[in-house]
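Readers should treat all values here as calculations from the given coordinates under stated rules, not as data from a laboratory. Values in this document were obtained by computation on a predicted structure and should not be read as measured data. Don't worry about glycine lacking a Cβ; one is built from the backbone with ideal geometry, like all the others, and counts go over all protein chains shown.
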Amino acid sequence: MKTRGYLFLIGFGVFLMGIGIACNIGVTPTAQPTQPPPQSTPTLQDSSSNNTGNNSAPVIFTDQSKFYQIEIPSDWIHTSNSGAHAYLDQFKSPDGNALVENISYNDGKPFTGADNSRMALHLLHQFYSSTGKEGDVRINDDKIMPDGSERLTWTSKGRGFSGLSYFRVRDGVDFTMFTVEWANGYESQYTDVLNKIYASYKVP
């Protein structure tokens, strides 16, 4: 990451701390005092819609950049946050034991080499772990998918959650990471619905 440097990761980390992703678990990432400060901190605007209707018939959702479209149960809670270069869409089951999240980032600078893999691992360790750093999230599998995305299968021992994160870079500059996750004690309850959500994923 010589071209982009760690400014990219720190700046994006500041964005994600502001929106509180990963189940809103309140993880405070480990400070990086030896790294330079971010160039800018995005101003965030939050938009939440509590879809708590009596039925869970699927509804179609298309993200703001039209990178993807999914069918999501209508009673899942949708929250979106955006900043200068990034935005997040999160869908949470009514009981909070399953989530679907998509993170998108584009600061106009191209990803080169293994930038995208480093970014994905950084996000997993910093925001999907119980500690905010390496050591809690275990990567169980890393696979290139037929559609060109890369899938990380992971488990957070401290949080008691597991998930599948699919990441890719479009046109050299658009980083996206789509994640489905579940509380370990509820895997059997949510396997089918999460599989259906992922199966519905398509480019509109």
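Only sites in a loop by DSSP and with at most 16 other Cβ atoms within 10 Å count here; which GluC sites (Glu not before Pro) in the range 92-198 make the cut?
Glu134
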Whole-Hz ³J(HN,Hα) from phi, Karplus 6.51 cos²θ - 1.76 cosθ + 1.60, for the range 189-204, glycine and proline x: 5, 10, 4, 5, 5, 5, 4, 5, 4, 5, 4, 7, 5, 7, 8, x
Dmax and Rg, reported as Rg then Dmax, of the range 67-204 (C-alpha, Å): 14.6, 41
Length gained when the stretch Arg151-Ser56 is fully extended (0.36 nm per residue, less Cα-Cα span): 31.5 nm
Distance between modelled label sites at Ala199 and Ile77, nm, 7 Å Cα→Cβ extension: 2.8 nm
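Would you mind checking Lys109/Lys196; Lys133/Lys157; Lys92/Lys196; Lys143/Lys202 for any pair whose Cα atoms are more than 23 angstrom apart?
On the way: Lys109/Lys196 34 Å; Lys133/Lys157 13 Å; Lys92/Lys196 15 Å; Lys143/Lys202 19 Å.
In this structure, Lys109/Lys196 exceed 23 Å between Cα atoms.
Using the beta-carbon distance between Ala84 and Thr112 and R0 = 25 Å, what value does 1/(1 + (r/R0)^6) give for FRET efficiency, to the nearest 0.05? List each step's numbers first, then the result.
Values: r = 22 Å, r/R0 = 0.87.
In this case the efficiency is close to 0.70.
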Thr191-Gln69 pseudo-label distance in nm [points 7 Å out on the Cα-to-Cβ vector]: 3.0 nm
Against the rule of thumb 2.2 N^0.38 Å, how large the Cα Rg of the range 84-161 comes out: 1.20
Whole-Hz ³J(HN,Hα) from phi, Karplus 6.51 cos²θ - 1.76 cosθ + 1.60, for the range 72-79, glycine and proline x: 10, x, 5, 9, 7, 8, 9, 10
Table column - 3J(HN,Hα) (Hz), the range 166-182, Karplus curve with 6.51, -1.76, 1.60, x for Gly and Pro: 10, 10, 7, 10, 9, 6, x, 10, 9, 8, 9, 9, 9, 10, 10, 9, 8
Relative contact order (%) - criterion: Cα under 8 Å, at least six apart; region: the range 153-201: 28 percent
Quarter of the Cα convex hull surface for the range 139-204, i.e. its orientation-mean projected area (nm²): 5.3 nm²
Pairs of alpha carbons in the range 113-156 whose separation is greater than 12 Å (percent): 62 percent
Amide H contacts under 5 Å for Ser74, placed H, 5+ residues apart: Ala57, Val59
Length-normalised contact order of the range 102-195 in % [C-alpha pairs under 8 Å, at least 6 apart]: 27 percent
